[in-house]
1. Exactly one condition in (1) among the charged types (D, E, K, R); (2) modelled with pLDDT of 95 or more; (3) part of a helix (DSSP H, G or I) is not met by A:Asp246; state its number.
2. Can you tell me which residues in segment A:364-389 are among the hydroxyl-bearing types (Ser, Thr, Tyr) and either at positive phi or more than 9 Å from every other protein chain (Cβ to nearest Cβ) (or both)?
3. Going residue by residue through segment B:182-203, is there one that turns out to be touching a Phe, Trp or Tyr at 6+ places or on another chain (Cβ under 8 Å) and within 14 Å of another protein chain (Cβ to nearest Cβ)?
4. Can you run down the residue pairs with Cβ atoms below 9 Å, 6 or more apart or on separate chains, where the first is in segment B:195-214 and assigned to a helix (DSSP H, G or I) and the partner is surrounded by 13 or more Cβ atoms within 10 Å (Cβ to Cβ) and of a type in the set (Lys, Arg)?
5. Out of A:Ala233, A:Ala174, report the one residue that is closer than 30 Å to A:Glu381 by Cβ and among the small types (Gly, Ala, Ser).
6. So which of B:Thr139, B:Thr165, B:Thr117 ends up being touching a strand residue (DSSP E or B) at 6+ places or on another chain (Cβ under 9 Å) and of a type in the set (Ser, Thr, Tyr)?
7. Condition (residue is part of a helix (DSSP H, G or I), over 23 Å from B:Lys218 (Cβ atoms) and of a type outside the set (A, V, I, L, M)) applied to segment B:159-169: is it met by at least one residue?
8. What residue, of B:Gln159, B:Gln104, is more than 14 Å from chain A (Cβ to nearest Cβ), modelled with pLDDT under 90 and surrounded by fewer than 20 Cβ atoms within 10 Å (Cβ to Cβ)?
Amino acid sequence: MSDKSKGLSKAREIYLNRSQRAKELKAAGQTIIGYPCVYVPLEMLTALDLVPYQTCGDIREPVTEADRALPSSFCPVMRNCLDCALKNKNDFLDGMVTIHSCDPQEKTARVWESYTNYPYFHFIDMPITVRPEALEYFRNQLNDFRKTLETFTGRKLSKDKLESAVKFHNRQRALVRELYELTKPSPPQISGTEIIQVLKALTSLPVVEGNDLLTEVISEVKNRTNGLEEKPARLLIWSSTLDDTDIMQVFEAKANVVMNESCGGIRAYRSKVNFTDDPLEGLADYYLKEITCARTFRQATLGETRKDYARDLQSRFGYLKDIIREWKINGAIMLLVRYCDPFAFEMPSLKDYFDSIGVPSTYIEYDYTIGAMAPIRTRIEAFLETIDQ
Amino acid sequence: MYFAGVDIGSTMTKVVLIDESDNLLSTIKGPTGPEHRQLANEVMSQSLEQAALRIDDISCIVATGYGRLNVPFADRQITELSCHSRGVSSLFPKVRTAIDIGGQDAKCMKINNGKLTNFVMNDKCAAGTGRFLEVTAATLGVRLEDMGDIALKATKKIQISNLCTIFAQQEVVGLLSRGENLENIVAGLHDALASRVAALARRLGIEPDLVLTGGVAKNKGMVMAMKESLGCELLVPEEPLLTGALGAAILAKEMYLKALAKGEALPTKPRQLEKATFFSQEKR
């Protein structure tokens, strides 16, 4: 049963030792490029045979080294990511691509670049709105990215190669959505904890290997005979980052987490990249519009003078209503990472939206460390007690 | 039939024994402490002794509070938010909002028909909790239980600008060295704590009747400061520490009687008063 070389067991092994495959590939002559955020267009790396590797934090690692460079009242996820880098845990990287997805990413990128010495380092200045001018600006930024990649590799990033990479990554997105189909039954066929293991494994593998892993996992889960335990609640978690199984297990102790709408969950996989004459246009469109992170400013209609709050909420959060209906969700948790301003400011509007569609919700704050789980447990259980009546 | 509620808080452990008519047979309060956290069984024994009952006489036991998982003889764990809501409602049937200020957290609860419907809790830090008064009392060299009376003697309130417990402590040291009067500083501290908790309650929305519970509700200066900050009447139970344990006992009773009436499996288990074990002890 526990064949560690396949499916879920393999995903778990990779999750526990994420950098192993990247190190093997590096030893075999491949070039490994790190990225901290799901906004980096991985297709452009894959198209040039570069292996993308997401540099994650580790909630078990006390932040010490990053304190040399960053204030303590600062995004704990980025502090933790940088800390791991400064402790030489990412030494196998040949390069790093960072992006202006939020201010902590941008500030950390500068520090990261000055404290480390990778042969390649690129920063993408991503705009913050979805207006047409912003799309054009972002496409130009991606063109700059293309140029530095071409200089670094000495190879040309052709349209054919890019389209082929888009196909592989779109396939990955489709497979992740298929994986999430398996949380729709009651009880779900796969737990939120297992999904984190699979998705965090994916972001450490070349896209083709990731797709093979997903295919194995999906087939294994579909043929499962020992189903999961059915819990009294089916939860949606909305967060910036929920990518650790220990935190997820606190939620799953008394509920089934059937949707993780964070960058450790479905966020980067909900849609697909469209093919356009200039492939960069399709990429710019997807990464700017389709990834629903609170860092992006959206409003119902451009240039309106009278604001309709309900319509504004619908345009910003309407996708969650569909998820709630399709996954039969009866409770939503807004999990805030401490000092994450974009999500903290989005929270009151989202709370209003959940109220307007009749979904009980609560918010919980955590600081991306493993300590002090008891207060989180109490808040979750009390919330479950309010909806179980 | 007898029912028990065991509330292991961060600072105090409370046990309430009731019969099926909600008569109080025993109430025990004691410090939780690092040792007592493992000794829910001893507090329970004291309680049984007080009521002249044996453990087998108890039909159902609910454990609550941060230490609720450390009560091996309990039949069920329910959070202190639901238990407080139930306990407060039994004392004040018209309650719609309850504020509980404990040793390590402050919680505001919306209640409907005895049930918790919504809540907010303080952030994971000591600002806005009993610990704020505990730490600053130590800095001022006064006993915690005297803080409220000292505050009531103030002629004015010194503004304390820092709500962080550690920074407030430093601010107090500064005020003392500036020669500010003790009573006025203490009154300022109560005011700071009250305004922090009141802001939390406003986030949830306050509806009367409003009840204040938790150890901090025993402090008269704090009750006064809370009334001023909230600008409304505030009810305080005679024993504000016990509402969680009382609610746990009532929920145990309701669960048990409901199962009995429906002919379902009883929410109870064969038990002995065993000591809680922790991983660290098993390793030793």
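1. (2)
2. Those that are among the hydroxyl-bearing types (Ser, Thr, Tyr) and either at positive phi or more than 9 Å from every other protein chain (Cβ to nearest Cβ) (or both): A:Tyr368, A:Thr369.
3. no
4. Every condition considered, the pairs that remain are B:Leu200/B:Lys107; B:Leu204/B:Lys110.
5. So the residue among A:Ala233, A:Ala174 that is closer than 30 Å to A:Glu381 by Cβ and among the small types (Gly, Ala, Ser) is A:Ala233.
6. Among B:Thr139, B:Thr165, B:Thr117, only B:Thr117 is touching a strand residue (DSSP E or B) at 6+ places or on another chain (Cβ under 9 Å) and of a type in the set (Ser, Thr, Tyr).
7. yes
8. Answer to the selection: B:Gln159.
The values are calculated or read from the model by the stated rules, or taken from the named source; none is laboratory data. Remember, predicted model here, so these are calculated numbers, not experimental data. Don't worry about glycine lacking a Cβ; one is built from the backbone with ideal geometry, like all the others, and counts go over all protein chains shown.
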